[in-house]
Amino acid sequence: MIFSKKNLSLMKVAIFFALLGLYNAVKAQKNLTEFNINSLDSLKVIKVTSFYNHIDFIDSRDDKQLGFLDKKRIDTLKAIIPIETQIKTLFHNCVDETSLKDGKILFQLKRLNFSEFIDRELVTKAYCSLGATVYKVRGDKFQKIAFIDTLIVKDYEFLKSSFTKKALKGCYQSISNLISKAVQLCPDSSEYFSLGEVKNIDSIEKSKTQLYSTVKFKDGIYLFFESFKNQIPEHVIEKVKFKKDKLTSVEEFIEGAGGIEINREYTYAVVYQGKPYICTKFGFYPLEKRGIDFFFKGNIADINGGVSQYLIGTILLGRFGGDLLADIATSKASVEIKIDYAKGTFIITKVFED
């Protein structure tokens, strides 16, 4: 076969791009860390007596991406084996096959997200936000048995591989412990949920709390999220100051001393004239309720440097968390943040172009 110079040139270009694609594919594989709950030999899995011999799985995560364990967002976490398969395998690894009774549980994964983050002391930490609930299945009804709603924090180690393994193991062990605990329990509540209610369990739980069900917020100073959620303030507001319609100062009433300005770093929220504000070192952020959730807008760098002592390390959740936290020290991005109803932590939901 005879090729013209033009055809040879086209072939060279085609070969170049084919090799480039192959190179990028290989490079991408090198930057991929597999999420596999059953992969660590050091995972402590103790076989336990189980009331259940079958497990179902439902994935209720808003964000199905696992996130990153790398400040440059190069090292992507991916579940090559479906998480449902991993959970079912772990279940069978946890239970003593000789003790199984005829029962079924449902494992609901609500949140699973990793991020690597440099904190205000310039220490690199890995964070895993994990939320899951286990139900006993009774026909077409479900009863809660056990749950986990936590933020797992691991300090950086000299070897990157050790750091990554340590961060993943913390998550794997927590899931293993949850299943091992759940299979030994029967429901301690007579409350039943339909499958539709399970899928919308967050809305049901929110409706049970004072914060999410009230139409009028109670004025006062709230030191903790729990008191804010229950609408029981720890202190009474004595005086406030505004500048250009922005709340700049809040004083609490002290018997015999009058008004003393609050320390925003140790205050979760305040409510003044029925309007709630999140407190940070640098100021107060108005909260807005949309639908059944609370949101506020702020500057991510300011929030990271001045967030309440009770919330250090919690601004990492959501689809944009890893992207923003990678450049947290210099980022000037404005973001929209949702309040997590269970823990009061911050979930980054939107990035605004300034």
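Values in this text are rule-based calculations from the coordinates and carry no lab data. Not measured: the values here are computed from a predicted model. Quick reminder, even Gly has a Cβ in these numbers, built from the backbone with ideal geometry, and neighbours come from all protein chains shown.
Points to keep in mind about this one:
- Taking amide H atoms as placed 1.01 Å from N in the peptide plane, the amide H of Ala146 lies under 5 Å from those of Val134, each 5 or more residues away in sequence or on another chain.
- Nonlocal amide H pairs with Arg61, under 5 Å, H built at 1.01 Å: none
- Using θ = phi - 60° and Karplus 6.51 cos²θ - 1.76 cosθ + 1.60, couplings along region 342-349 (whole Hz; Gly, Pro as x): 7, 10, x, 7, 9, 10, 6, 10
- Legend: ranking of residues Leu287, Leu66 from fewest to most surrounding C-beta atoms inside 10 Å; resulting order Leu287, Leu66.
- Here the Karplus relation 6.51 cos²θ - 1.76 cosθ + 1.60, evaluated at θ = phi - 60°, turns the backbone of region 173-186 into coupling constants of 5, 5, 5, 4, 5, 4, 5, 4, 6, 5, 5, 9, 10, 10 Hz, with x for every Gly and Pro.
- Charge dipole (region 32-199, unit charges on Cβ, about Cα centre) - positive-most of Ser50, Val137, Phe107: Phe107
- Scalar couplings 3J(HN,Hα) for region 222-235, obtained by applying the Karplus form with A = 6.51, B = -1.76, C = 1.60 to θ = phi - 60°, are 10, 7, 10, 5, 4, 5, 5, 5, 8, 6, 10, x, 7, 9 Hz; x denotes Gly and Pro.
- Among residues other than Asn177 with Cβ under 15 Å from its Cβ, the summed charge is +3 (Lys and Arg +1, Asp and Glu -1).
- Working from label points 7 Å from Cα in the Cα-to-Cβ sense, the Leu43 to Ile260 distance is 5.0 nm.
- Amide H to amide H, with H built 1.01 Å from N, Asp56 comes under 5 Å of Ile105, Leu106, Phe107, counting only residues 5 or more places away or on other chains.
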